[in-house]
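To keep things clear, I will list the structure first and then write my remarks on it.
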Amino acid sequence: MPDTSAAVPTRGIPTPFHPLVVLDMAGTTVSDGGLVERAFARAAAHLGVETGTPEHTAQLAYVRATMGESKISVFRHLYGSEEAARSANSAFEEAYAELVAGGLVEALPGARETVERLREQGRTVVLTTGFSRTTQDALLDALGWRDLVPLALCPADAGRGRPYPDLVLAALLRTGAAEDVRQVAVAGDTAYDMLSGTRAGAGVVAGVLTGAHDRERLEAHGATHVLGSVAALPDLLARLESGTSGTPGGSDTSGTAERVDGSERAAGSDGAPGTTP
């Protein structure tokens, strides 16, 4: 009988190197100054829901809670019918694009340099968003990021948006940059970013405190690490891979996410929260 042992894949923990990094955009690498809420107000008004009414307040609370989710999915939940959802989504995209064109978005401090450092470390970086392709392209153009990464994905590119794992898995399949999902690192500012990363099986799922959700919510939804900003990610990955912080793949033996903020405090030192930017 022929020896087929060479064809059997190893079932152990893969090398701790993370050759693929999947980064969220708004709130993680991009500061939009609350433009999502401003564009939502326009979309809601388009459907007759005026700012300041109890209905608008309730809808805005839902938008905040589901930051990171595909916007059309949010509108489907809020307005029920597909026709109303698509009408609201079109109004939202138009309003957001106008705000972006007005120069109201900018890269978060150190974001571009972070992507460049990750690439220098030999990693492939993919940008993802819950916006449509049109809006994502407008953001990339406004920031001058068209050539910064080899791939940028929106929900339409992957099948489903967050909190599903599709965007992370699509990044892996499209780039072929990693051999194992545990070699993928994900970073985002929302609970849905954390769910998407954990459901995809990513070895590192880093929450950042520059966007929509706080440390408690990020940890509750699966963050393996919490960072003051995405600028701390290259050093975190380097430490994990050198064996000086955490365990292979970024898990934490204390049972809670490793806290890596501006003070670089490791998990389990005193449990006190860091300063949220």
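Sorted by mean Cβ packing within 10 Å, highest first, what order do the peptides 103-111, 178-186 take?
178-186, 103-111
Hey, what's region 158-201 come to in accessible area per residue, 1.4 Å probe, Å²?
38
Could you tell me, in Å, what Rg and Dmax come out for the Cα atoms of region 103-175?
Final numbers for Rg and Dmax: 12.5, 34 Å.
Taking amide H atoms as placed 1.01 Å from N in the peptide plane, list the residues 5 or more away in sequence, or in a different chain, whose amide H sits under 5 Å from that of VAL184.
So VAL184 has HN proximity to GLY203, VAL204.
If the label point is 7 Å along Cα→Cβ of SER87, which residues in region 34-48 have backbone nitrogen under 13 Å from it?
Residues passing the 13 Å test: 43-48.
Where the accessible area of region 154-196 is counted over protein heavy atoms with a 1.4 Å probe, how much of it, in %, is carbon and sulfur?
50
Based on the alpha-carbon set only, what is the convex hull volume of region 38-159 divided per residue, in Å³?
116
Please work out the Cα center distance from region 26-89 to region 93-150, rounded to the nearest Å.
One Cα centre to the other: 21 Å.
Can you give the FRET efficiency for GLU179 and ALA156, using 1/(1 + (r/R0)^6), R0 = 41 Å, r = Cβ-Cβ distance, to the nearest 0.05?
Using R0 = 41 Å, I get an efficiency of 0.90.
Roughly how many Å² is the accessible area per residue of region 66-155, as a whole number, for a 1.4 Å probe?
Result: 43 Å² of accessible area for each residue.
Please report the relative contact order for region 19-141, taking Cα pairs under 8 Å with a sequence separation of at least 6, and give it as a percent rounded to a whole number.
44
Within region 63-112, what whole-number % of the accessible surface is contributed by carbon and sulfur, with the 1.4 Å probe and all protein chains included in the calculation?
Result for region 63-112: 51 percent of the exposed heavy-atom area is carbon or sulfur.
The values are calculated or read from the model by the stated rules, or taken from the named source; none is laboratory data. Here the structure is a predicted model, which is why all the values come from computation and not from measurement. Heads up, the Cβs are rebuilt from the backbone with ideal geometry, glycines too, and the neighbour counts pull from every protein chain shown. Ligands, DNA and RNA are excluded from the accessible area calculation, which covers all protein heavy atoms including side chains. Shrake-Rupley method; radii C 1.70, N 1.55, O 1.52, S 1.80 Å.
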